[in-house]
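Inspection log for the structure reproduced underneath, given as structure tokens.
Values quoted throughout were computed directly from the atomic coordinates according to the rules given, and no laboratory measurement underlies them. What you are looking at is a predicted structure, and each value in this text was computed from that prediction instead of being measured. Cβ sites come from the backbone with ideal geometry, for glycine too, and all protein chains shown count toward neighbours.
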Amino acid sequence: MLSVAGSRGIIESMNTVIRCVLAQGMFLFAILAHAAADPSAAIADCRAKHADNPPEHIACLERELRAVSGARPEVAPPGLGAEQVKTKRPQETIEDVTVKIENVSYGFDGMGLFRMADGQVWKATESTPNTQRLESGKSYSARIERGKLGGYRMYVEGASRMIKVMRTH
């Protein structure tokens with residue numbers, strides 16, 4: 001059994017721990033409140049850390065600006081297939097879109113990767129035979145439409161077949 005003196009010692013040490021934790025919490029809160037209230041400190045911090053690297057400096061400033069304003073990070077541009085890109089924003093429904101393919105590449109498995117002029121990236125969901133592949137380094141005009149049973153179909157001008165695709169970015 002614990003004696004009364006032993007119980008008091010335990011209680012006093014617990015009180016000390018609780019006081020320390022509360023003091024640390026208040027200190028952290030004060031620091032965060034000061035940082036949120038004084039955006040010039042964040043600007044100076046970005047300048048000091050990234051003075052020799054302008055792109056990193058700009059990225060740091062944008063992160064601080066989003067943090068102060070409460071804005072969400074940038075997401076993929078809206079458009080056909082946007083629901084396949086993971087975002088938190090509700091998506092609009094578009095049935096088809098005309099795009100310009102700027103770059104085409106194929107993996108060893110025959111799956112095509114299509115980079116569009118507007119920044120979208122689409123990937124073939126089925127392998128394309130060598131004889132039906134698009135030429136790399138050549139730009140193409142294409143129409144991407146929503147399939148009747150899901151997925152997307154890309155129709156490239158001058159190509160003899162439709163390509164099943166999914167949007168990756």
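Details
- Label sites at Ala159 and Arg115, each approximated as a point 7 angstrom past Cα along Cα to Cβ, lie 1.7 nm apart.
- When you restrict to C-alpha pairs under 8 Å that are six or more residues apart and normalise by the size of the range 106-166, the relative contact order lands at 28 percent.
- In this calculation the C-beta distance from Lys100 to Ile43 is compared with R0 = 45 Å, giving a FRET efficiency of 0.70.
- The lysine pair tally for the range 82-167, using Cα distances under 25 Å and a gap of 8 or more places or different chains, is 14.
- Taking 7 Å steps out from each Cα toward its Cβ at Arg19 and His169 produces label points 5.5 nm apart.
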